[in-house]
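To start, the structure itself, in structure tokens.
We did not get these values from a lab; they are worked out from the coordinates using the rules stated. As the structure is a computational prediction, the values presented were derived from the model and not from experiment. Because the Cβ atoms are built from the backbone with ideal geometry, glycine has one as well, and the counts that use them run over all protein chains shown.
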Amino acid sequence: MKIKAIETFILSDKLQNSFFFSQWVYDERKICVVKITTDTGLTGWGEGYGPAEVIKAGIKMLKPLLIGKDPVSQETLWFEMYRKTLDFARRGILTAAISAIDVALWDIKGKAMNLPVSVLMGGQHRKRVMPYATGLYFSESANLSEKLALEAQEYVAQGFKAIKMKVGFTIKEDVKFVKAVRVAIGDDVQLMVDANHAYSLREATELCKLLEPYNIGWFEEPISPEFYNQYCELRSKSSIPIAGGECEYLRYGFHHLLKNNCVDILQVDICGAGGLTEAKRIAGLASTFGIEIIPHVWGTGIAFHAALHFIANLEPIPGRLFPPDFFIEYDRTENGIRESLTCPAIKMKNGFIDIPQLPGLGIEINEEALYRYSEKVLT
Ligand code: CA
């Protein structure tokens with residue numbers, strides 16, 4: 001079997017209601033999706049996390065390394081792509097281009113061997129995962145506390161047992177919003193906070209202390225991903241677990257987070273950090289430090305399904321007779337592409353999502369949605 005064609009699609013969706021977080025405003029969703037076709041007619045799908053046009057250019061640059069090659073040998077192809085980009089992009093967007101291609105190759109490999117990706121990766125430690133709702137962004141509102149509280153209650157009504165909200169506004173406002181959400185959802189639902197690296201070490205330390213009464217599951221990206229030592233210092237001072245890693249790339253980048261004792265929870269983005277091939281290596285590395293992984297997931301059903309398979313295959317640290325539920329991040333902000341690009345639709349039952357058992361990633365692409373959102377870029 002040989003790779004015959006590699007096509008990229010930039011999908012975009014203008015949002016009905018823009019929202020913002022500590023760094024910038026979202027008024028559209030845009031994503032680069034890749035389709036790889038073999039000479040036997042199999043297709044695999046992947047996507048890259050980050051600026052879509054740059055990822056598209058990266059995939060175009062990598063394409064000559066792949067055409068005519070056997071897609072099943074995805075590790076050797078990964079290495080060739082890595083070698084090609086090493087001098088220019090050890091931590092960045094070309095890694096997302098590699099990731100998109102790698103996920104598509106795993107999809108093809110699964111379909112070729114008639115096995116789900118998670119089984120190909122070595123097996124399924126679990127058959128279901130617990131989604132946590134990512135939402136509760138900032139928006140223009142006369143009473144944002146009340147709006148956030150209502151949104152949080154909606155997630156609980158939908159069956160979510162855990163919710164992640166944004167912080168990074170001002171420390172005072174953050175505490176006010178967290179309190180409003182905690183009161184609204186009660187004590188039985190887990191609540192996490194994410195600052196998207198808005199704060200200095202001093203500010204993050206202060207916020208940790210002020211959030212202690214609200215039983216926070218983890219504090220995500222409290223400070224800039226550049227400051228490994230500060231993460232370590234914050235972690236030693238905070239009673240709230242510290243999470244990070246969505247801005248980190250490759251096993252080499254994650255090694256910095258691990259060896260510097262930066263985080264309690266490592267958040268690998270499979271579609272950014274190097275694909276499923278590299279994410280599995282990062283999981284192996286994290287296991288040697290006894291650090292758990294809860295991947296960062298943002299984008300379409302392709303990224304979500306790649307994460308489902310990865311999490312199914314994650315080794316529990318430590319093992320025990322009655323293991324805990326494993327989380328998957330489930331973005332609930334407005335995104336028409338995520339809702340319509342892949343089928344079957346993502347379904348939550350009693351607060352859990354089943355690991356797909358179909359070959360490859362276990363999804364079909366809705367071609368009508370693919371072209372509908374692609375067309376919007378052209379107009
Ligand atoms: Ca985040």
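Could you tell me which residue out of 272, 255, 289 lies farthest along the dipole of the stretch 119-361 toward its positive end? Charges go on the beta carbon: Lys and Arg +1, Asp and Glu -1, centred on the Cα centre. Value: 289. Normalised by the number of residues in the stretch 111-194, the mean separation of alpha-carbon contacts (under 8 Å, six or more apart) gives a relative contact order of 32 percent. Electrostatic tally near residue 156: other residues with Cβ closer than 14 Å to its Cβ, Lys and Arg +1, Asp and Glu -1, net 0. For residue 215, the shell of other residues with beta-carbons less than 9 Å away shows a net charge of -1, using +1 for Lys and Arg and -1 for Asp and Glu. Rounded to the nearest 10 degrees, the angle from helix 228-237 to the longest Cα principal axis of the chain is 40 degrees. Only lysines eight or more places from residue 69 in sequence, or on another chain, were considered; those with a Cα closer than 19 Å are 2, 4, 35, 60, 84, 109, 111. Would you mind pulling out the separation of the Cα centroids of the stretch 297-322 and the stretch 132-176, in Å? Comparing the Cα centres of the stretch 297-322 and the stretch 132-176, I get a distance of 25 Å. The residues 197, 255, 305, when put in order of fewest to most other Cβ atoms within 10 Å, stand as 255, 197, 305. For the chain, the longest principal axis of the alpha carbon atoms and the long axis of helix 171-185 meet at an angle near 80°.
Residue order for 321, 358, 62, 234, fewest other beta carbons within 10 angstrom first, comes to 321, 358, 62, 234. Does the stretch 119-361 come out rounded, prolate or oblate by the C-alpha gyration tensor, with a ≥ b ≥ c the root eigenvalues, rounded set by a/c under 1.5 and, if not, prolate when a/b is larger than b/c and oblate if not? In terms of gyration-tensor shape, oblate. Derived value for the stretch 275-379: Kirkwood hydrodynamic radius 15.5 Å. Basis is the mean of 1/r over every pair of different alpha-carbon atoms.
Rg to Rh for the stretch 143-203: what is it, with Cα atoms only and Rh by Kirkwood?
0.99
Applied to the stretch 18-29, the Karplus parametrisation 6.51 cos²θ - 1.76 cosθ + 1.60 on θ = phi - 60° returns per-residue 3J(HN,Hα) values of 6, 9, 9, 9, 5, 9, 7, 9, 9, 10, 8, 10 Hz, with x for Gly and Pro. Counting neighbouring beta carbons within 10 Å and listing from fewest to most, the residues 233, 212 come out as 212, 233. Counting Lys and Arg as +1 and Asp and Glu as -1 over every other residue whose Cβ lies under 11 Å from the Cβ of residue 314, the net charge comes to 0. When DSSP beta bridges are restricted to pairs lying wholly in the stretch 119-361, around 10% turn out antiparallel.
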